[in-house]
Amino acid sequence: MKDKPTLDLITLGRCGVDLYGQQIGARLEDVTSFSKYLGGSSANIAACAARQGLRTGLITRVGDEHAGRFLREQLEREGVDTQAVITDPTRPTAMVLLSIKDNDTFPLVFVRENCADMAISVDDLDADYIASAKCLAITGTHFSTGSVKASSTAALTIARERGVKTALDIDYRPVLWGLTSRGDGETRFISSDSVTAHLQTILPLFDLVIGTEEEVHIAGGSTDTLVALANIRKVSTAVIVLKRGPFGATVFDTDIPDSLDEGITVKGVTVEVLNVLGAGDAFAAGFMRGWLNDEGFEQALTYANACGALVVSRHGCTPAMPTVPELDYYLENSVDIKRPDQHPWLNHLHRVTARYRRAPWPELYIHAFDHRSQLIDMAIEAGVSNTRIPELKMLLLEATLSVVNEQGLQGHAGILADDTFAQDTLNVATGMGLWIGRPVEVAGSRPLELERGNSIGSQLIAWPAEHIVKCLIFYHPDDEQSLRDAQEKQVLNLWHACQVSGHELLLEIIPPKVDGQRCLDHDDAVVRSVQRFYDLEVYPDWWKLPGLAATNLKKIEALIDEHDKYCRGIVILGLDAPIEELRAGFKACAGIERVRGFAVGRSIFGEPAKSWLSGKINNAGLQQQVIENYKQVISVWKSR
């Protein structure tokens, strides 16, 4: 008896880098910038199936270079098992250049000569690994040459011998079969007797066959869909899933009837099409969710149609794939969602549930040194130039990393740093596994102003994806109407920019002081401010808040639970309080799950920085004091 499978699905085949043109409507010749995504049909199916809750793995090869490492890391972020992803020492990672010209025109160029994923060999196959899955899925491209046909057939033989289901997504690309020119990658159908004969030799090896009408035509050797289906049935007993575009999809699990509609048919949902690329892979993954979970053909087709519909409305393939919460919400509300790409809550769900493979940040110890105006004032007081501030910030990062490494705080440590004085510091910190936030507000501005103008979207294009947008707003819900409107408009613009760019947003709220003193209704103002921004349909990934009484923190926790259960949490700021004074504020956080940690700055670096700028201590002295202060704040936090 086959052991209980540890994976639901293993895919074998294409895995490469997709470079998607960012300019919609442009010829590929005229595209000026590209977004880089995980791509390739087998990788897309594996990633989408993982987003749909299946345990998935991938058998493929990637190059021994940056692109190959990107693909491996991205697959792991998506939750795809990569133990069978081989690093090819000599061949490059596959790549595709593509653009979206209009609803029917998607120019693309496959760069796949001697590429890694077409070099999968029989020696790469681990029979026990294949046997660990419920199903092995292969795409048609991996039968297009003698070598990949041999390895794919060997994998299928193992699967069938070990009781593993087998699935084929025909995925017919004439250019990959050598039937058209390199520049004609978007052509989906060219009749070919040799390709038909080739496919019909492998059709008997599958339990499930998925294809569009054109793909069924090439597999069945006829442009009459019913005739083609009948020809497939002559050589295969597989369940056949026919994708019919706006008519939905149909399953044929026995004899082919006289009409397509006599099969098990589920109509599709209607959306405006932006990009059909990747929709078929999403369809296959959605169908697998229902099929492998024994939910019946109708439910499997329902998932499949909806997955495909969401992807055709978005940019990219893998990044456009829906998650379970998103798909379920869409299925409940699809009648009212004609433009999924413009639906605020659906887009929010897509953004926050697709990130669930990122670092979880269960508890955060953030050293915040994004200060600009305060450090300028310190430099003036010390009688030194602002040009010393960048050096200071690099020293602060080094001190932070010293504590991280000494105490093993990887996965818990972070920094807040600016690009005014700390761009070099940010460059060094990026990719090190730190939580990294960057401010966008003009320091001290009220009404809120954004640095480098209000075109925040144009700025975020240049930011690494891991950087978190931090915005401090001095806000009170009882502010005069025009002031409040101006501030809220800025926050809404920032929120929408983050929705598009994919960056997380940290919103820091501090009620303005009255005559230099904390306002009398301070805590209540913070609670009401959080409520106000949720009412405006702003859903920050993080809240950065001043120390509050426990009762008020619990109110905010309740607001988060009510409005956005996917919120990452709250971090508590320190302002310039002495470390011992932080203890009471930290103590109020005890037992409040949504409070994830602290983001403290001047309490850690303030006095050491003043001494360093004035020449009273050297680099080592500065760092030693910062290290001790940072350790002490962490200790106070942990003892709360």
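The values are calculated or read from the model by the stated rules, or taken from the named source; none is laboratory data. Quantities reported herein were computed from a predicted structural model and do not represent experimental measurements. Here Cβ is always computed from backbone atoms with ideal geometry, including for glycine, and neighbour counts include all displayed protein chains.
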For Ile604, are the conditions met, namely being in a loop (DSSP other than H, G, I, E, B), at pLDDT 95 or above, assigned by TED's automatic domain parsing to the domain that holds Glu504 and among the aliphatic types (A, V, I, L, M)? no
Of all residues being of a type in the set (D, E, K, R) and farther than 30 Å from Ala550 by Cβ in the stretch 482-539, which is surrounded by the most Cβ atoms within 10 Å (Cβ to Cβ)? Just the residue, please. Lys489
Failed condition for Tyr534, given (1) in contact (Cβ under 8 Å) with a residue 24 or more places away in the chain; (2) closer than 17 Å to Tyr365 by Cα, with all others met? (2)
Tell me whether the stretch 498-506 contains one or more residues that are of a type outside the set (A, V, I, L, M, F, W, C) and farther than 30 Å from Leu349 by Cβ. no
Go through the stretch 336-359 and count every residue that is without any contact (Cβ under 8 Å) to a residue 12 or more places away in the chain and exposed (fewer than 15 other Cβ atoms within 10 Å of the Cβ). 2
Of all residues making up the stretch 450-473, the number that are surrounded by fewer than 17 Cβ atoms within 10 Å (Cβ to Cβ) and either among the β-branched types (Val, Ile, Thr) or in a helix (DSSP H, G or I) (or both): 3
For the stretch 167-212, which positions are over 26 Å from Arg27 (Cα atoms), crowded, with 17+ Cβ neighbours inside 10 Å and either among the acidic types (Asp, Glu) or not assigned by TED's automatic domain parsing to the domain that holds Thr153 (or both)? Asp169, Asp207
With the condition kept exactly as written, say whether any residue in the stretch 279-296 is under 30 Å from Gln23 (Cβ atoms) and free of Cβ contacts under 8 Å to residues at least 40 places away in the same chain. yes
Can you tell me which residue within the stretch 169-218, out of those that are under 26 Å from Leu9 (Cα atoms), assigned to a loop (DSSP other than H, G, I, E, B) and not aliphatic (A, V, I, L, M), is modelled with the lowest pLDDT? Arg173
Residue satisfying condition, being over 25 Å from Gln459 (Cα atoms) and touching a Lys or Arg at 6+ places or on another chain (Cβ under 8 Å), within set Leu548, Leu507, Leu582, Leu575: Leu575
Within the stretch 481-519, the count of residues that are at pLDDT 95 or above and either over 27 Å from Arg452 (Cβ atoms) or not assigned by TED's automatic domain parsing to the domain that holds Leu460 (or both) comes to 1
Out of everything in the stretch 90-104 that is polar (S, T, N, Q) and at pLDDT 80 or above, what residue ends up being surrounded by the most Cβ atoms within 10 Å (Cβ to Cβ)? Thr93
Residue under question is Thr87, and the condition is that it be in contact with a strand residue (DSSP E or B) (Cβ under 9 Å, 6 or more places away or on another chain) and surrounded by fewer than 16 Cβ atoms within 10 Å (Cβ to Cβ); does it hold? yes
The one condition Pro246 fails out of (1) more than 22 Å from the chain's Cα centre (by Cα); (2) at pLDDT 90 or above; (3) assigned to a helix (DSSP H, G or I) is (2)
Checklist (1) under 35 Å from the mean Cα position of the chain (by Cα); (2) surrounded by fewer than 19 Cβ atoms within 10 Å (Cβ to Cβ); (3) assigned to a helix (DSSP H, G or I) applied to Val636, failing item: (2)
Out of the residues in the stretch 213-238 that are surrounded by 21 or more Cβ atoms within 10 Å (Cβ to Cβ) and in contact (Cβ under 8 Å) with a residue 40 or more places away in the chain, which is farthest from Pro174 (Cα to Cα)? Ala238
Give me a count of the residues in the stretch 26-46 that are of a type in the set (A, V, I, L, M, F, W, C) and in a loop (DSSP other than H, G, I, E, B). 2
So which of Gly286, Gly308 ends up being buried (at least 22 other Cβ atoms within 10 Å of the Cβ), modelled with pLDDT of 95 or more and closer than 28 Å to Phe106 by Cα? Gly286
Let me confirm something: among Pro511, Pro447, Pro477, Pro464, which residue is in contact with a Cys (Cβ under 7 Å, 6 or more places away or on another chain), in contact (Cβ under 8 Å) with a residue 24 or more places away in the chain and more than 18 Å from Tyr566 (Cα to Cα)? Pro511
Against the condition touching a Phe, Trp or Tyr at 6+ places or on another chain (Cβ under 6 Å), of a type in the set (A, V, I, L, M) and under 21 Å from Val500 (Cβ atoms), how does Leu310 come out, does it pass? no
Of the residues Asp18, Asp3, which is out of contact with any helix residue (DSSP H, G or I) (no Cβ under 6 Å at 6 or more places or on another chain) and closer than 21 Å to Ile100 by Cα? Asp18
Leading residue by the ranking (surrounded by the most Cβ atoms within 10 Å (Cβ to Cβ)) among those in the stretch 542-592 that are assigned to a helix (DSSP H, G or I), among the acidic types (Asp, Glu) and at pLDDT 95 or above: Glu557
Those residues that are at pLDDT 95 or above and out of contact with any strand residue (DSSP E or B) (no Cβ under 9 Å at 6 or more places or on another chain), I need them from the stretch 448-480; list them, please. His476, Pro477, Asp478, Asp479, Glu480
Among the residues of the stretch 474-498, count how many are assigned to a helix (DSSP H, G or I) and touching a helix residue (DSSP H, G or I) at 6+ places or on another chain (Cβ under 6 Å). 2
Residues of the stretch 408-422 that turn out to be under 22 Å from Gly606 (Cβ atoms) and either surrounded by fewer than 18 Cβ atoms within 10 Å (Cβ to Cβ) or in contact with a Cys (Cβ under 9 Å, 6 or more places away or on another chain) (or both), as a count: 0
